[in-house]
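I have placed the structure first, in the form of structure tokens, so that the comments after it can refer back to it.
The values are calculated or read from the model by the stated rules, or taken from the named source; none is laboratory data. Everything numeric here is computed off the predicted structure, so don't read it as measured data. With ideal geometry, Cβ positions are generated from the backbone for all residues, glycine too; neighbour counts draw on all protein chains shown. Side chains included, ligands, DNA and RNA excluded: accessible areas come from the protein's heavy atoms. Shrake-Rupley method; radii C 1.70, N 1.55, O 1.52, S 1.80 Å.
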Amino acid sequence: MINKDTKLCISVSARPSNIGTTFHNYLYQKLGLDFVYKAFQVDDIEHVVKGVRALGIRGCSVSMPHKETCMAFIDELTESAAAIQSVNTIVNDNGYLKAYNTDYIAIYKLIEKYQLDKKQSVIVLGSGGMAKAVVAAFKNAGFSQLKVCARNAETGSNLAALYGFEYIPSLNGQTADIIVNVTPIGMQGGSEENMLSFPETMIQAAHTVFDVVAMPAETPLIKTAQKLGKQTISGAEVIVLQAVEQFALYTHQRPSDELVQEAGEYSRQMVLQLQQQK
């Protein structure tokens, strides 16, 4: 039962989903924790962060497009957030705000889980906060053949240079063994939700197709890759792994792998049900 001592955790983004909300609240209930989680659609990140501090909100998940702009209002950046210059998690300890990047941890774990070959070539599409986490994870996993492609030449070239990789302004004539979409293309509710982030010829030539978009779990990119028999990694996997790390930071408890899997499946089913009701 929600009471005056219940701890609040939130997520903020331009286009919030129900995945994190159902995932965290499911675990709170299963573990008997006096926590509640709520997602918010926000534009004014400065006042959101100030509100986290003022209201004693325990934790805040930060999604596009606020991962970088929120940094100016944080007391401390941990090593992962400082190195990547991107934040996806804020923890409030009695008014002191510390920022983390659990996206990086999730991407690195998925590279290991799917045994991606560090000798293979990679193209990362995108140059925002999440793209920084992706490129950093591939770099630290030992990949040396990686190109960053972005519509924004300044942020794209800066990201590539930061990790010693090549920037390309276009996907024309490009191929890679591993292709990674880190843009909103294919995201539910957006103007590009029915579009492919990569040309079908590139998908055909790839060995592994990775889409960080979590909603829907099967984006046009993932669906096309599956039809072509490619190994796929979905944003739904990313969001669960990074959410587990957030959960542990907020509550100081780490749920079992079985319970995490259960919570992930529950959240996906609930999201589908909510979509069908609309």
Looking only at the range 79-105, count how many residues are out of contact with any helix residue (DSSP H, G or I) (no Cβ under 7 Å at 6 or more places or on another chain) and buried (at least 19 other Cβ atoms within 10 Å of the Cβ). 1
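Suppose we filter Ile57, Ile45, Ile74, Ile10 for residues that are in contact with a helix residue (DSSP H, G or I) (Cβ under 6 Å, 6 or more places away or on another chain) and crowded, with 16+ Cβ neighbours inside 10 Å; which single one remains?
Ile45
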Exclusive hit being open to solvent by less than 30 Å² (accessible area, probe 1.4 Å) and under 19 Å from Glu237 (Cβ atoms), set Val135, Val148: Val135
For the range 154-189, what are the residues that are free of Cβ contacts under 8 Å to residues at least 60 places away in the same chain and in a strand (DSSP E or B)? Glu166, Tyr167, Ile168, Ile179, Val180, Asn181
Filtered residues of the range 245-277 (kept if closer than 14 Å to Ala214 by Cβ, of a type in the set (A, V, I, L, M) and open to solvent by less than 20 Å² (accessible area, probe 1.4 Å)): Val271
Just need a number here: residues in the range 219-239 that are in contact (Cβ under 8 Å) with a residue 40 or more places away in the chain, part of a helix (DSSP H, G or I) and either open to solvent by less than 20 Å² (accessible area, probe 1.4 Å) or on the phi > 0 side of the Ramachandran plot (or both). 3
Qualifying strands (runs of 3 or more DSSP E) (wholly inside the range 1-117; at least 1 residues being basic (Lys, Arg) and touching a strand residue (DSSP E or B) at 6+ places or on another chain (Cβ under 8 Å)): 7-13, 35-41, 96-100
Counting only residues that are exposed (fewer than 13 other Cβ atoms within 10 Å of the Cβ) and more than 21 Å from Thr69 (Cα to Cα), how many does the range 13-42 have? 3
Residues located in the range 106-129, provided they are out of contact with any helix residue (DSSP H, G or I) (no Cβ under 9 Å at 6 or more places or on another chain) and either of a type in the set (S, T, N, Q) or closer than 19 Å to Leu162 by Cβ (or both): Gln115, Gln120, Ser121
